[in-house]
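Student: Mind looking over this structure? Questions follow.
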Amino acid sequence: MFRWFRKTSQKPVRLMPESKWRLECTDVLRVTDDHGDVKEISKDELASIIVETNDTGPWGADVWWLLFGPNDQMAMAYPQGATGEDAMLSYFTSLPGFDHAKLIEAMGSTQNAVFPVWRRAQ
């Protein structure tokens, strides 16, 4: 009788392979990719964050988070939809000077583009 309710109350489908990436946000930011390779950077070393979009959606990973460390060297990258992204996003958006407008612009992009959303004050 309430078959429609069961369908709408089910857990949302997780993105694949994006959800195979695992994120941890403690004193260090850690990314374990879909092959098990681990990269990390301490919060103190984080220098900037860029959101990169591409035109492969909806079938490809079309939103990537790029984290940069000292000397503007890329420390790690991960796709939107990674497991644990809520804690990482919460941390990023709490950083002083985080550009929420740029993030909104990035989330609406279907083009190949980069959106600098945060840079540590010098």
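The values are calculated or read from the model by the stated rules, or taken from the named source; none is laboratory data. Because the structure is predicted, anything quoted here is derived from the model rather than measured. Note that we place each Cβ from the backbone using ideal geometry, even for glycine, and neighbour counts take in every protein chain shown.
Student: Within the stretch 11-50, can you find the residues that are within 21 Å of VAL63 (Cβ to Cβ), of a type in the set (D, E, K, R) and at pLDDT below 95?
Tutor: Matches in the stretch 11-50: ARG14, GLU18, LYS20, ASP33, ASP34.
Student: Please specify each residue of the stretch 82-102 satisfying the condition of being surrounded by fewer than 17 Cβ atoms within 10 Å (Cβ to Cβ) and of a type in the set (Gly, Ala, Ser).
Tutor: ALA87, SER90, SER94, GLY97, ALA101
To keep it simple, each residue is scored yes or no on (1) at pLDDT 95 or above; (2) farther than 22 Å from GLU45 by Cα; (3) under 12 Å from the mean Cα position of the chain (by Cα).
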position	(1), (2), (3)
ALA77	yes, no, yes
MET88	yes, no, yes
PHE92	yes, no, yes
GLY97	yes, no, no
ALA101	yes, yes, no
ILE104	yes, yes, no
MET107	no, yes, yes
GLN111	no, yes, no
PRO116	yes, no, no
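Student: Is it true that ASP62 is surrounded by fewer than 16 Cβ atoms within 10 Å (Cβ to Cβ), acidic (Asp, Glu) and modelled with pLDDT under 95?
Tutor: No; evaluated as a whole, the condition is false for this residue.
Student: List the number of the failed condition for ALA82; all other conditions in (1) touching a strand residue (DSSP E or B) at 6+ places or on another chain (Cβ under 7 Å); (2) among the small types (Gly, Ala, Ser); (3) modelled with pLDDT under 85 hold.
Tutor: Result: ALA82 fails condition (3) only.
Student: Starting from residues that are touching a strand residue (DSSP E or B) at 6+ places or on another chain (Cβ under 6 Å) and closer than 22 Å to PRO116 by Cβ, keep the ones in the stretch 25-39 and report whichever is surrounded by the fewest Cβ atoms within 10 Å (Cβ to Cβ).
Tutor: Out of the qualifying residues, it is LYS39.
Student: Could you check how many residues of the stretch 92-122 are among the β-branched types (Val, Ile, Thr) and without any contact (Cβ under 8 Å) to a residue 40 or more places away in the chain? Spell out the reasoning first.
Tutor: Of the residues in the stretch 92-122, the ones among the β-branched types (Val, Ile, Thr) are 93, 104, 110, 114, 117.
After this cut, where a residue has to be without any contact (Cβ under 8 Å) to a residue 40 or more places away in the chain as well, the list is 93, 104.
Counting residues in the stretch 92-122 that are among the β-branched types (Val, Ile, Thr) and without any contact (Cβ under 8 Å) to a residue 40 or more places away in the chain gives 2.
Student: Report whether or not GLU105 is surrounded by 12 or more Cβ atoms within 10 Å (Cβ to Cβ), out of contact with any Phe, Trp or Tyr (no Cβ under 9 Å at 6 or more places or on another chain) and acidic (Asp, Glu).
Tutor: The answer is no for GLU105.
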